[in-house]
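The next block holds one structure in the form of structure tokens; read it before the comments.
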Amino acid sequence: MQNGKKATGLCAGKDFILSELVMEMGDHHLCTSDDTPLRADAFDMSSEEKVKKIEGLFRQVMETLGLDLTDDSLRGTPLRVAKMYVEETFRGLDPENKPSITLFDNKYQYNQMLVEKDITVYSHCEHHFVPIYGKAHVGYISSGKVIGLSKLNRLVDYYARRPQVQERLTMQIGHALQQVLDTENVAVVIDAKHLCVASRGIRDTHSATVTSFYGGKFGNGAVKEEFLRYAGMTTVY
Ligand SMILES: [Zn+2]
């Protein structure tokens, strides 16, 4: 991208995928699209079949690294990793796992901002397959419907449990909230650590990455300031 081959922005399309750029993108944590890049046959295999296949492939990775899979400590690792990938860390790839959202009428006519802050985020960097972890703060101004509070957490968790880049994760949550809440007035901020930055490469254990999404009224400076003030509040129990 830095050498200007067709790309016009961070997510400028797929026609510039040249091998040297692909490696460069991963190192710079850039993404090609707002959508998670999925194959057309992504769900032809059942979850059970995927676990079985990944178990065999991960065994090959471990054996290639020289590990002795007959050791009792390592014997169960390929299956454990396969189940973790399919059933936990990457369960958000499967639309079947998308939380069902029920909206309620806003009978009490609450028309101010609602902020759910400090939502735990556990995701994985799609370039290195190591964890991204941190907090998400989401806010919305009701269009007449309200959402069960825990659904906000569940929606964040669903999109986090995919191989991700933080910018895409932020946008996916923002767009999903706009859709389910039927309003443009949605804000999302994610503040997270990337283990690919902390534990390898530059090995910076102190830096964190902040990304944001502001829709509708949240584009207004005063509204955005109010949201950020609430998100930054320390709750004393
Ligand atoms: Zn990474």
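Using the Stokes-Einstein relation with a Kirkwood hydrodynamic radius computed over Cα pairs, the translational diffusion coefficient of the chain at 10 °C and a viscosity of 1.306 mPa s comes to 80 µm²/s.
Subtracting the Cα-Cα distance from 0.36 nm times the residue separation, let me have the gained length for residue 41 to residue 63 in nm, one decimal.
Details: separation 22, 0.36 × 22 = 7.92 nm, distance 2.84 nm.
Extra length from residue 41 to residue 63 when fully extended: 5.1 nm.
Net charge dipole, the stretch 102-154: roughly 160 debye, given to the nearest 20, about the Cα centre with Cβ charges of +1 for Lys and Arg and -1 for Asp and Glu. Placing pseudo-labels 7 Å out from each Cα toward the beta carbon at residue 234 and residue 101 gives an inter-label distance of 3.3 nm. Considering only 167, 226, 49, give the residue with the highest GNM mean-square fluctuation for the chain, with springs between Cα atoms whenever their separation is below 10 Å. Highest fluctuation of the listed residues: 49.
Kindly express, to the nearest 10 degrees and within the range 0 to 90, the angle between helix 149-160's C-alpha long axis and the longest C-alpha principal axis of the chain. Once rounded, one gets 40 degrees.
Over the stretch 154-227, the hull volume per residue, using the convex hull of the C-alpha atoms, is 101 Å³.
Using a 10 Å cut-off on Cβ atoms, rank the peptides 186-192, 75-81, 202-208, 170-176 from the highest mean neighbour count down.
Final packing ranking: 186-192, 170-176, 75-81, 202-208.
Rounded to the nearest 10 degrees, the inclination of helix 166-181 to the longest alpha-carbon principal axis of the chain is 50 degrees. DSSP bridge analysis restricted to the chain gives an antiparallel fraction near 95%, rounded to the nearest 5. With a threshold of 32 Å on the Cα-Cα distance, the over-threshold entries among 83/217; 151/217; 52/117; 83/151; 53/117; 107/135 are 83/217; 52/117; 53/117. Between 195, 181, 38, the GNM of the chain built on Cα springs shorter than 10 angstrom shows 38 fluctuating the most. Each label was represented as a point 7 Å from its Cα along the Cα-to-Cβ direction; for residue 53 and residue 109 these points are 5.6 nm apart.
All of the numbers you see were taken from the coordinates with simple rules; none came from a lab. Remember, it's a predicted structure, so these values are computed and weren't measured experimentally. Using ideal geometry, Cβ is built from the backbone for each residue, glycine included, and neighbour counts are taken over all protein chains shown.
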